[in-house]
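The structure appears below as structure tokens.
The values are calculated or read from the model by the stated rules, or taken from the named source; none is laboratory data. On a predicted model such as this, the values are computed, not experimentally measured, just so you know. In this analysis, Cβ positions are derived from the backbone assuming ideal geometry, glycine residues included, and neighbour counts consider all displayed protein chains.
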Amino acid sequence: MDPAATANSGDVTSQTRPESTRRRFLGLGAILATAGVAKVIAADTAHATVGAMQFGSSNNAGVSQTSLSSTSAKTLYVDNLGTGIAIEAFSASATASTIQAFHSGSGGDPIAAAVYGYTNAGIGVHALAYGPGVGLRARSNGQQAGVAIESVSESTLNPDTNATFTHEGLGHGIYASLNNAVSNSYAIVASTKGSASALLANGLTQARGIKIRSQIAHLWLVPAATASHPASGNAGDLFVDKSKRLWFCKGGASWVLIA
């Protein structure tokens, strides 16, 4: 055999085998890439008819429900690092809620609630209604005891009002109604451990402080346990002692027996 031919043949073989090997690697890479994409799609597929949930775009699940569950301390965490809204929900239904939260626990932890709003300086929960709707509705519905609304200010140094109701319209500022005819509870209860009055009504310059209407009695002054009036009082104080005598204070230690 001609050595030159053998050398040329060897050169051809040495040039052909790397090219063949490179093709095989490219083919194998394509197969692996396809399998990897299929695996990612299968892992990220949401419960939606359109397939995988796509971030940064609109998704439509059609008539199907999209579910998310976990055993983590937080199943879903959404953080808007800009100045926009973190989560916005909209519903055109006239009979269903836009957001419905259900809490199955019954613990005493104040944050163990269906909805918990927390803020450092802003508003924890803001409810706004346009038109004839209700901005915030709290309902206690069940056979067991439950408070519909509870407002608690825990700081003993907080100088602000616990709950504020401001109305710029023509209706009542606060309306309390007890509709159970067999109830012996009160529609409004005010209590204080301080030295100020438990209830303050200020009619300013156009209205009376209190308007009372009843078919039973306009005012009930419960007799005190003391034998007579206090040593001193404010001008205008009314006091009923344990003997059911009614006293009127003209200021300081000056008391007048009315009845």
Open item on the list: Please count how many residues of the range 216-225 are surrounded by 10 or more Cβ atoms within 10 Å (Cβ to Cβ) and either in contact with a Lys or Arg (Cβ under 7 Å, 6 or more places away or on another chain) or among the aromatic types (Phe, Trp, Tyr) (or both).
Closed with: 2
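Looking at 130, 118, which one is modelled with pLDDT under 85, over 17 Å from residue 151 (Cβ atoms) and either of a type in the set (D, E, K, R) or part of a loop (DSSP other than H, G, I, E, B) (or both)?
Numbers: 118 fails: over 17 Å from residue 151 (Cβ atoms).
Selected residue: 130, the only one of 130, 118 that is modelled with pLDDT under 85, over 17 Å from residue 151 (Cβ atoms) and either of a type in the set (D, E, K, R) or part of a loop (DSSP other than H, G, I, E, B) (or both).
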Task: Tabulated pairs, the range 174-190, first assigned to a loop (DSSP other than H, G, I, E, B), second of a type in the set (Val, Ile, Thr), C-beta under 6 angstrom, 6+ apart or interchain - done: 176/188
Open item on the list: For the list (1) closer than 30 Å to residue 98 by Cβ; (2) charged (D, E, K, R); (3) exposed (fewer than 10 other Cβ atoms within 10 Å of the Cβ), I need the number of the one condition that residue 137 fails.
Closed with: (3)
Task: residue 190 being touching a Leu at 6+ places or on another chain (Cβ under 6 Å) and surrounded by fewer than 10 Cβ atoms within 10 Å (Cβ to Cβ) - done: yes
Open item on the list: Just to verify a result, which residue in the range 226-257, among those that are in a loop (DSSP other than H, G, I, E, B) and under 45 Å from the mean Cα position of the chain (by Cα), is surrounded by the most Cβ atoms within 10 Å (Cβ to Cβ)?
Closed with: 237
